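A.B. asks: Structure below; questions to follow.
The values are calculated or read from the model by the stated rules, or taken from the named source; none is laboratory data. Remember, it's a predicted structure, so these values are computed and weren't measured experimentally. Positions of Cβ are backbone-derived with ideal geometry, glycine not excepted, and every protein chain shown enters the neighbour counts. These accessible areas exclude ligands, DNA and RNA; they are computed on the full protein's heavy atoms, side chains included. Shrake-Rupley method; radii C 1.70, N 1.55, O 1.52, S 1.80 Å.
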Amino acid sequence: MFTSRAFAGFITLVSALGLGDAVPMQNRDVIAPPTITYGDLLNEHLFASSGASTALEEAMTTTGLIAISGIPDFANLRRDVLVGSYKCSAEASSAKTVELQDGTTRRTIAGVTKGVEDEQDMEFGADAGACSSSFRQTSTVFRRTVSKVADAFADRMSALFSLPDAPMLWNSNGTRAYNSFRDIVHGADHLEHFHTYSQRSATKEASVDNAIDLHTDQGLFIAFTPALMIADESGGQPTPTSSPAGTFFLENKDKTRVALEFGSGDVLVFMLGDGVEQYYNHRLRPGQPRLRSAPHGMSMPQRSRGESRVWYGRMFLPPNDALSEEHGLPFGKVREMAIQDVNSKGGLGSGIGCSRRLLQSDADPECGENQMYCWHQCMDYTAEASPAVCAEQGLKLQCMNQRDQIVDINAHGDHNPTCSNSETDETAPDPIPQPAASLGCDDAARWESYLGLSGYSNSLEIHANKTYVMWNVIEGDKVKMRMAYKGYLGYFAVGIADKRTRAQGSSHPGMNGANTIMGIYDPDPEIFGAPFVGTSVAAYTIHHDLSAFRHWVDTAERLPAGAAMEVSDCYASVEFEVAAIHGQALNFTAGTTNDLVWAIHEDSLLKGYHGYCNKGRTNIDFTATVGHTQYQWPGNLGVVLVLVGVRVGEGRGREAEGLVTIQDPKPATASGSLSAGLNNMVAVVALLSAVQVVTLRAA
């Protein structure tokens, strides 16, 4: 839960991270935002019949922003609460003051709403006489109105944009799924700002055009009211004016910028944040429409001394207990670390939990003199890439991927400072062509024959009727393993988790430093795979710090004879027999387990990445016969590893570490399935850095 003190730190965090590339104000087109009425949003029948559904869907996938008009008495509420917040912020000792880059001073009072029903009282500090009971009452009514509209918005977004195969988020121990926009909105603490912007003089700094540069907001979305200009008349009575409230600008998909004109301003605007990239878009199947987080910024108006710009916004953040896959920690902990990071650096953080367009300038204040900000971090200049080196070649220093494409904030992959004049934005690697339907690859008998389960005593179905891992122990000190996939994929990988990176808190604990066997499908050197090695199977040691394949491709070691990567007309598989992986012996002592990591990539031939739920950790006792473990998951998450033979309450330490133990089931069943004969079992979805846990009860 956010306290007022924690929130003050968060305001500093938002101020520190809400920066981007400056955009000149001149020559921007001015447009009205896409708009639907509150009545159409609220009524399910009208939402469908009026065209509001189509308008919302189009807006969320193109601009990432929509305005809601016709909210009862909202014009008066907006005026009264913004005037009241202007007076209150001038006296509240709890208000946080930040000076922006153009000389504007922003003073903020803040609040928290839990879900959509529990508006927490705002704390204004002592001697805040202007924060009267009248303002408190008005702000409570206003905030409840925002909650009602946000609740309706979340309902419609949940219906229009759902994930068929997985929740949007899980809590950190796997006992609660956040399946939809509605679940997230109802399950989180949402942060509210009343901002008052003012300047010391009527003339802005000539060298800086924007008060807030291009950025995307944290969280799933933000709800805000267009700003209101307020003047202090003689006698100290603040009065709304008709003066322009500056320019709110938005970046389109084609990188052009437009200024938005909100008319009278009596609307509530919803704008998607970076959360749609973090926990919605990357879970989509190919071809599904992507939501668009809206890059935006603001410039102050040219105006006379004595006027201020007043604005309200609410950030709809993920639940505090929801798991951040990037950090392997609950979002609440990530925010806490970010606030501490910002406060420890005097208001400038190092980018923890950042939601922003990545800067590509050596002037970024968050980085050292010999660094630039690139892909979530400050990266050092190199002998091949620095401002001086690039200038000598007539090139620009940019944050680029390995295909000479400019990196965006939401990219995942292998990016670094590069000398290049490329103006091409990053695109997804080409997808892997899959077998034609005419080949009959879905034929059950054909797939069963290819799998060859009868030749193995143990197997684990990772994806339902699609991906299997099978193994036998031979000669007491070797494992014969086969991984099979229905279709074509980029690679299979399985290795021994590295204990050092687990203990040191690596961003990829257990994976970095792991000795790993990879079966790679690499048919064409002209198709980007980074780098090309040909279709093959070999052992590698993943770099301890750098995950991209190019950093550890040279560690390749041939496997014993018989190891093979096969891609048939319909299916792919890798087979090998080993006693050790890259010199690290497997454990064949009875009663002990091997801490293994695994991954597959089915989207492209890129070797430095895996898709959502295509990675995991498991502990396997190779001396035990566990039979054929079927895919099981209520909610159809996608990747399931089942803890066999351990009752709930036992081995809690391992569960907390995110390990899955595969041991001899007691009692064994005729089929080896977990569907009968076992009491309280625990299914665990391993995500390398964190784990989701749910209790299953056998029939």
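A.B. asks: In region 547-554, is there at least one residue being free of Cβ contacts under 8 Å to residues at least 12 places away in the same chain and under 29 Å from the mean Cα position of the chain (by Cα)?
C.D. replies: yes
A.B. asks: Can you tell me how many residues within region 512-527 are of a type outside the set (A, V, I, L, M) and surrounded by fewer than 17 Cβ atoms within 10 Å (Cβ to Cβ)?
C.D. replies: Of the residues in that region, 4 qualify.
A.B. asks: Additional query: Testing Arg482 on (1) under 30 Å from Cys390 (Cβ atoms); (2) out of contact with any helix residue (DSSP H, G or I) (no Cβ under 7 Å at 6 or more places or on another chain); (3) of a type outside the set (A, V, I, L, M), one condition comes back false. Which one is that?
C.D. replies: Evaluating Arg482 over (1) under 30 Å from Cys390 (Cβ atoms); (2) out of contact with any helix residue (DSSP H, G or I) (no Cβ under 7 Å at 6 or more places or on another chain); (3) of a type outside the set (A, V, I, L, M) leaves (1) as the failure.
A.B. asks: Any residue that is within 17 Å of Gly490 (Cα to Cα), touching a strand residue (DSSP E or B) at 6+ places or on another chain (Cβ under 8 Å) and at pLDDT 80 or above - is there at least one of those in region 579-596?
C.D. replies: No - not one qualifying residue is present in region 579-596.
A.B. asks: Looking for whichever is surrounded by fewer than 21 Cβ atoms within 10 Å (Cβ to Cβ), charged (D, E, K, R) and modelled with pLDDT of 90 or more here; the options are Arg144, Arg136. Which one fits?
C.D. replies: Arg144
A.B. asks: In region 240-259, what count of residues is obtained for those that are modelled with pLDDT of 85 or more, open to solvent by less than 50 Å² (accessible area, probe 1.4 Å) and touching an Asp or Glu at 6+ places or on another chain (Cβ under 8 Å)?
C.D. replies: 2
A.B. asks: Please enumerate the residues belonging to region 412-441 that are of a type outside the set (S, T, N, Q), more than 24 Å from Glu526 (Cα to Cα) and either free of Cβ contacts under 8 Å to residues at least 12 places away in the same chain or open to solvent by less than 70 Å² (accessible area, probe 1.4 Å) (or both).
C.D. replies: Within region 412-441, Ala437, Gly440, Cys441 meet the criteria.
A.B. asks: Would you tally the residues in region 608-620 being open to solvent by 10 Å² or more (accessible area, probe 1.4 Å) and not in a strand (DSSP E or B)?
C.D. replies: Adding up the residues that qualify gives 4.
A.B. asks: Under 9 Å between Cβ atoms, which residue pairs at least 6 apart in sequence (or on different chains) link something in region 462-481 that is more than 14 Å from Val574 (Cα to Cα) with a partner that is aromatic (Phe, Trp, Tyr) and at pLDDT below 90?
C.D. replies: Correct list of pairs: Ile462/Trp598; Ile462/Tyr631; His463/Tyr631; Ala464/Tyr631; Ala464/Trp633; Asn465/Tyr631; Lys466/Tyr631.
A.B. asks: Being surrounded by 22 or more Cβ atoms within 10 Å (Cβ to Cβ) and not in a loop (DSSP other than H, G, I, E, B) is the filter; apply it to region 155-188 and report the residue that is nearest to the chain's Cα centre (by Cα).
C.D. replies: Taking the candidates together, the pick is Leu169.
A.B. asks: Also, I was wondering about something else. What about Pro531, is it within 27 Å of Gln434 (Cα to Cα), over 31 Å from the mean Cα position of the chain (by Cα) and not hydroxyl-bearing (Ser, Thr, Tyr)?
C.D. replies: The answer is no for Pro531.
A.B. asks: Hey, another quick one. Which of the numbered conditions does Leu397 fail, given that it passes all the others? Conditions: (1) in contact with a Pro (Cβ under 6 Å, 6 or more places away or on another chain); (2) under 30 Å from Ser568 (Cβ atoms).
C.D. replies: Here Leu397 clears every test but (2).
A.B. asks: For residues that are polar (S, T, N, Q), within 30 Å of Phe331 (Cα to Cα) and open to solvent by less than 30 Å² (accessible area, probe 1.4 Å), scanning just region 260-311, find the one that is farthest from the chain's Cα centre (by Cα).
C.D. replies: That would be Ser293.
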